[in-house]
1. Could you grab the pairs with beta carbons closer than 6 Å, sequence gap of 6+ or different chains, first residue in the range 351-370 and assigned by TED's automatic domain parsing to the domain that holds residue 305, second one at pLDDT below 75 and surrounded by 17 or more Cβ atoms within 10 Å (Cβ to Cβ)?
2. Limited to the range 312-326, what total is found for residues that are within 15 Å of residue 415 (Cα to Cα) and either without any contact (Cβ under 8 Å) to a residue 24 or more places away in the chain or out of contact with any helix residue (DSSP H, G or I) (no Cβ under 7 Å at 6 or more places or on another chain) (or both)?
3. I need the full set of residues from the range 589-605 which are under 21 Å from residue 643 (Cβ atoms) and either touching a helix residue (DSSP H, G or I) at 6+ places or on another chain (Cβ under 7 Å) or not in a loop (DSSP other than H, G, I, E, B) (or both), in order please.
4. Quick test for you: out of 337, 319, pick the one residue that is in the same structural domain as residue 235 (by TED's automatic domain parsing), under 24 Å from the mean Cα position of the chain (by Cα) and in a helix (DSSP H, G or I).
5. If I ask for residues that are within 14 Å of residue 526 (Cα to Cα) and surrounded by 19 or more Cβ atoms within 10 Å (Cβ to Cβ), which ones from the range 496-511 would you list?
6. Name the one entry in 586, 622 that is more than 23 Å from the chain's Cα centre (by Cα), part of a strand (DSSP E or B) and surrounded by fewer than 19 Cβ atoms within 10 Å (Cβ to Cβ).
7. Of the conditions (1) surrounded by fewer than 22 Cβ atoms within 10 Å (Cβ to Cβ); (2) more than 32 Å from the chain's Cα centre (by Cα); (3) more than 28 Å from residue 176 (Cβ to Cβ), residue 677 clears all except one; give me its number.
8. So, in the range 267-281, exactly how many residues are assigned to a helix (DSSP H, G or I) and touching a residue at least 24 places away in the same chain (Cβ under 8 Å)?
């Protein structure tokens, strides 16, 4: 018979009189245990906070730095999901199965598409000790094929130790029309942009509510809160008042502004006084050489980024004020950091609609300025150009995705009035620190020993190094003296040897043989911006460091080196995934909107939608829609006609059937086919009768980061022929979508676009 006594330590007699009760107390971390709040920003470069050199208004982060510690030598991985995995577990991203984004698997242990269950997150560890655990924001740590309402849910936040979750599961979302999840179910945003909605505000509202709910009833119970904003990942979107605030501020251009931020960094002591400003990256032209329209577009795109960061900083301020009002701030460890350097995905000009870049379309500034007033608002999906991204990474070169300092050297601030001596407040810490060191530091500060077994699973060792010793002492030695980096074959190693901080680094170009990669060598203490390559002067040291990189790669499970992107789609297509082998999808509404990674996309060589409906005279509405007002496809009935609006980045191809959709039962078909690399055709049929066709001048491969919905258009309206969700007033019995197998070229192009997006 199974033992159901659950650790009972009393005695059980025949009656109560000869028995002794025992009440097992739930775990509790102690009455004085501090709260922990980790705030993570996305694609935010080293220079972009005000206290790190920029002129962007970030008074709330600056105040946390002034009242706490500012880390100037903090490093992460070059991409979002790997940094998040390392941050939450205290281990190497490869070790825990997240060498790249969670959108794909490769069949090797270093890319599972989720954090290994043998690597407990901080939420899982602290929850076992009695902490309340909350997360609001971007997750991007579950296989994206599993992010629909069908699950599975084991790698969603609630499956990885969080008591509550409010946010989005994919790598990005529209800030005005987000695809939201509350706990384990999808929800609609609580308001519209016209009503003043922005998701960053919503995230902080919900996090404060979670904390108040917990502390109001259980004030004795500390909490661990994780707030990974969507900001400042594209799309760069902010309320209009913030956009107006920055009008004209960057008209001097990135060369002047970057020099000014660099000078400010030296003045603030963020970088050593003898640091060199790295030269402009390849592809970044001198500002004075740019045509007027390119300057005009670039300035407006940088203004939108600045407004977005400013607005996010205000939300951090609201969180801090809320903690202060609850009397919790003094006993809360607050850590604010970024997940990687500034993004290069905006290309040389910047983009009005980022998905154009992912489709291989470089929209000219002369074209883009025609819609310049949309930038930063609900009808935009913008990202800034390389020149502003490198400005944000000042004084470094290269960007997110690269293992040079521009990709991995980011800001980090720690604030804890109850644990940081007042005399240390506002001081800087210049010791080398890596993102994998955050969790073990928090564990040490809390007096927590990571368990060897968690939820019945043997745990991988925590390999990060606690930097707790440097918190009270600015002159304490760095605790992490050997750190590897890798991303898509780009590699680096930082090693302290006899007081010299060496860095070996190579920037790998996809499909180049790894043995042909050219390694560079730098002395970071003397040359933090990697301007003086010492490889030719000290080849023996370079070879030694490369050998150490291979040793670390073996120890942390980095191998095999892999720069592929084609597996992004092929690895998830099976009859036991949202994407069946026969590429046939059958839906019976009503259904919760389906995220983009789990929805069939009309981007292959052939795509057919078949809808069986019943309607009364005059009844119309959306049958199926995907994307947003910026780009998407909508199939709907309007004025008794079957209509397709193929919105290719606000260039609308509309097909309206020449015959009516009859009253009663009918079968409606839409067929889309590619007839060239970027062109196609679309046709509509009513009860098998051809009703019209049109050529598609641009056949999109990558449409949107927003998924599809049935019976309504759940985000910003794809079509301009309706202005709300335009729910179908009749009855949809069934919608069947069938895709033909894509060619290798189609799949490769789509995979490349998706990886560029990440």
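The values are calculated or read from the model by the stated rules, or taken from the named source; none is laboratory data. Given the structure is predicted, the values throughout are model-derived calculations rather than measurements. All Cβ positions, even for glycine, are placed from backbone atoms using ideal geometry, and neighbour counts span all protein chains on display.
1. 351/357; 358/753; 358/756; 358/757
2. The number of residues fulfilling the criteria is 2.
3. Residue satisfying the conditions is 603 alone.
4. Just a single option satisfies the conditions, and that option is 319.
5. 501, 502, 503
6. 586
7. Against the list (1) surrounded by fewer than 22 Cβ atoms within 10 Å (Cβ to Cβ); (2) more than 32 Å from the chain's Cα centre (by Cα); (3) more than 28 Å from residue 176 (Cβ to Cβ), residue 677 comes up short only on (2).
8. At the first step, the residues of the range 267-281 found to be assigned to a helix (DSSP H, G or I) are 267-268.
Imposing the further condition that a residue be touching a residue at least 24 places away in the same chain (Cβ under 8 Å) reduces the set to 268.
Matching residues across the range 267-281 total 1.
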